[in-house]
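Each remark here refers to the structure printed beneath this line.
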Amino acid sequence: MVWRIAARDLLSTLRDRRTLAATILMPLILIPALSLGLPLLLGSFIGGQQQERQKVGVVGTLPLALRTALEQDEQQGGQTVRAGVTLVPVTDPGKAVQSGDVEAAIQAPAPLPTRAGQGSAELEVYAKTSSLRAQAGAYGKVQDVVDRYNRTLTLDRLKGLGLGADTLTPVTVKSIDASPPQEQRSGQLAFLIPFLMLQFILSGGMATAIDATAGEKERGTLESLLVSPVRRAEVVSGKLLATTITALTSACFSVAGFLISGLVAAIFLKTRSGLGADITGAMGGQLSLTLGGTLALLGLAASAALIISALLIAIGIYARSFKEAQTYIAPLTLVIVLPAVMLQFADFLTLSTAVYAAPLFGSMVSILNIVKGAAQPSQILLAILANLIGAALLSLLALRSFGREEVIFRN
Amino acid sequence: MTQTQTMLDIHNVTKTYGKFTALKGVSLSAPEGEVFGLLGPNGAGKTTLLRILATLLRPTSGTAAVAGYDVLRRPEEVRRRVGVVNGGMGLPARLTGREVLRSFAGLYGMNRAQTEARIAELDAGLELGRTLDVRAGDYSTGMKQKVVIARAVIQDPPVLILDEAASGLDIFARRTLLDFVLATRAPGRLTLYSTHVMSEAEEVCDRVAILHEGQLLTVGRIPDILAQTGEGNLERAFFSLVRGGEQRAV
Ligand SMILES: Nc1ncnc2c1ncn2[C@@H]1O[C@H](COP(=O)(O)OP(=O)(O)OP(=O)(O)O)[C@@H](O)[C@H]1O
Ligand SMILES: [Mg+2]
């Protein structure tokens, strides 16, 4: 009986092109776009700035060695990894930058030293220092070149004294990334994974839930269902099942979306190198899963789909029309967005076990842990249990509403 | 002679919505083999009474039994035996008529063969034709109402509750409906027919009850009501009874 009720609601959903697109296409397109497109865009932007020859204004003259270093391309294995800049004479460095004629401008009020030991002089660098474009482009390049110039002069001087380059750095630091390999791969956008998964569970279940509750009222089909010899509990279970199935379908396609973007990213990173690719790798929210991780993820998604579906149905049955239900349900997105925002800073929070007992939020943290390869089975089970208890309570609430005249015949 | 069975037994039923009393102690009974009319102006309480009989609403006090089962104590038995149609009922827009009928047959526990045989029967009786394979979202009012009726009687219930079932229908669809109702006047069956349209009641109802502001003004065979009021037709008799009821209430 439960399945018959569910099949009826599912068939209706399946015939609805728009809902189908929202359930299947949206996660498949939106997720790779967000988790891949964003880092790729940033990576290729920064890479582009590295490759571009920006104009840098110069007031007066510069030491020849510094000029050459600024103009020179940096080569590695026959490839230009960083283009030099084009130096153009300007009179007012500040104005030249503001007008956009040059990306940066340099001015040495006093002659610059050409050898170490000649004292120190200031080089003024004009640029829009907080702009990412300047930092990745002209401003960053000037700073790098000056650093290297200083180092070259110092090394020359040390050599004259019979000392090697190691004199400058008696102690060097070598950092080794000790985060698990999965965490390294998951990148800074990893928090997007639990957020988008739950978001798609919500948006995937929404249409079916409203259609099966307020929609039935609006169309005048609820009454005929309630006069059939099906128990109220079966009606509610059937509707819950249908909603959970569409919600889970959406969640599965969102996982597929992540796996696709992980695959594409792997291919992309193999064919490219340099700073741009590094940034893409560091930012990207990519998913690579073990079998256990996949199962845990499915369990979390299914239990989250169940509690969200129960919530949707409990709310949907109160509404008199599709529209009214939508206005009640729209704010639910916040229930997912707000925890996701917190999740971004999960590194700074010391999470106690109690967090995992919070329905939905516990699942989000657990999914993030799985993505980072740092999940603990007990925490995952706790999170699933919390969802199931929440789902049971909300289902009882929905069942009560289905039995109440004031709710069914609200006018 | 076999004894006729009482299909409907309502005893002193009241129903309040918050402070408002929609039914004020209604008692009625009807045997099998009748089409029983429920007449009354807007807000009289017809829909409320019929929903109580369909177990959708609980009476505030009093008892009601349908096909021998108490609506409060055995609601599932009652639901197994009633088919309900009201003017506001619709169909799932993205399903075809046939799919709706099959899905409901499943809810009543009918098997495939029973279902298909019953659909063929209803197809003939209600002249459904190609309507069955069109999605309900594309139905005209008449097509929709016919499928709604077919859905309500898919399990061939002994008790049929029709609440303003003919509203909005053109003369062809109305004719089909009235003929269908007349065919239910048979042993072991009872049809409750609520309407505003007196000519419909005159044509199909064996007996009628006139309800006004939650109270029964009269119950009886149409010729008896005409004789009792001294009026020539049911519409005039209706007015005379309703006015009389209002005067008594003052
Ligand atoms: N859910 C409800 N809440 C409050 N009052 C209600 C509710 N349903 C019906 N009523 C009131 O109860 C009274 C009887 O309503 P009911 O629908 O039973 O009348 P009716 O005879 O079917 O009228 P109509 O001919 O307009 O269909 C009306 O005054 C109506 O406003
Ligand atoms: Mg009514």
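Give, ordered by residue number, each residue of the stretch B:50-95 whose 1.4 Å probe accessible area is reduced by a minimum of 30 Å² on adding the remaining protein chains to the chain alone. Those residues are B:Arg51, B:Leu56, B:Leu57, B:Arg58, B:Glu76, B:Arg79, B:Met89, B:Gly90, B:Pro92, B:Arg94, B:Leu95. The lysines within cross-link reach of B:Lys15, meaning a Cα-to-Cα straight distance under 18 Å and a gap of 8 or more places when in the same chain, are B:Lys24, B:Lys46. Annotation for B:Thr63 and A:Leu123: the two label points, set 7 Å from Cα along the Cα-Cβ direction, are 10.3 nm apart.
Compared with the rule-of-thumb size 2.2 N^0.38 Å for a compact globular protein, the stretch A:53-136 has a Cα radius of gyration ratio of 1.16.
Of all lysines in the structure, those lying under 19 Å Cα to Cα from A:Lys95, and not within fewer than 8 positions of it along the same chain, are A:Lys55, A:Lys128. Heavy atoms of the protein chains alone define the surface here; on that basis chain B has 44 Å² accessible area per residue at 1.4 Å probe size. Obtain the nm distance between the two label points defined at A:Lys95 and A:Ala374 by a simple spin-label model: each point lies 7 Å from its Cα along the Cα-to-C-beta direction. The modelled label-to-label distance comes out at 5.4 nm.
In loop segments of the stretch A:308-411 as defined by DSSP, the trypsin sites (Lys or Arg not before Pro) with at most 14 further C-beta atoms inside 10 Å of their C-beta are A:Arg320, A:Arg404, A:Arg410. In this simple spin-label model, placing a label point 7 Å from the Cα along the Cα-to-Cβ direction at both A:Leu25 and A:Glu71 gives a separation of 5.5 nm. At a Förster distance of 60 Å, what's the computed FRET efficiency of A:Thr169 paired with A:Lys323, Cβ-Cβ distance as r, to 0.05? So, using R0 = 60 Å, E works out to roughly 0.30. FRET efficiency for the B:Tyr17 to A:Gln51 pair, using the beta carbon distance and R₀ = 51 Å, is estimated at 0.10.
Over the stretch A:53-136, what percent of the accessible surface lies on carbon and sulfur atoms, probe 1.4 Å? Using a 1.4 Å probe with all protein chains present, the stretch A:53-136 comes out at 48 percent carbon and sulfur.
If you model the stretch A:309-400 as an ellipsoid using its alpha carbon gyration tensor, with each semi-axis the square root of five times an eigenvalue, the axes come out at 29, 16, 9 Å, biggest first.
Placing R0 at 56 angstrom, the Cβ-Cβ distance between B:Ala227 and A:Val407 gives a FRET efficiency of 0.75 after rounding to 0.05.
Full extension of the chain segment joining A:Gln344 with A:Trp3 gains 118.8 nm, where the gain is 0.36 nm per residue of separation less the Cα-Cα distance. Ligands, DNA and RNA are left out, and with a 1.4 angstrom probe the accessible area of the stretch A:53-136 is 58 Å² per residue.
Nearest 100 Å² is fine: what is the total accessible surface buried where chains A and B meet, probe 1.4 Å?
Looking at A and B, the buried total is near 2600 Å².
Using 0.36 nm per residue and subtracting the Cα-Cα separation, the extra length available between A:Asp156 and A:Leu388 on full extension is 76.5 nm. The Cα trace of the protein assembly as shown gives Rg and Dmax of 38.7, 135 Å, the first to one decimal, the second as a whole number. One decimal place: the segment B:Leu182-B:Thr6 gains 61.4 nm when fully extended, by the rule 0.36 nm per residue minus the C-alpha distance.
For chain B, the spread of Cα positions along the three principal axes, ordered from largest to smallest, is 55, 47, 40 Å. Kindly identify residues of the stretch A:363-411 having a loss of at least 30 Å² in accessible area between the isolated chain and the assembly of all protein chains, probe radius 1.4 Å. Buried on complex formation: A:Glu405, A:Phe409.
The values are calculated or read from the model by the stated rules, or taken from the named source; none is laboratory data. Model, not experiment: these values are computed from the prediction. Using ideal geometry, Cβ is built from the backbone for each residue, glycine included, and neighbour counts are taken over all protein chains shown. Each accessible area value is taken on the protein alone, full model and side chains, heavy atoms only, with ligands, DNA and RNA left out. Shrake-Rupley method; radii C 1.70, N 1.55, O 1.52, S 1.80 Å.
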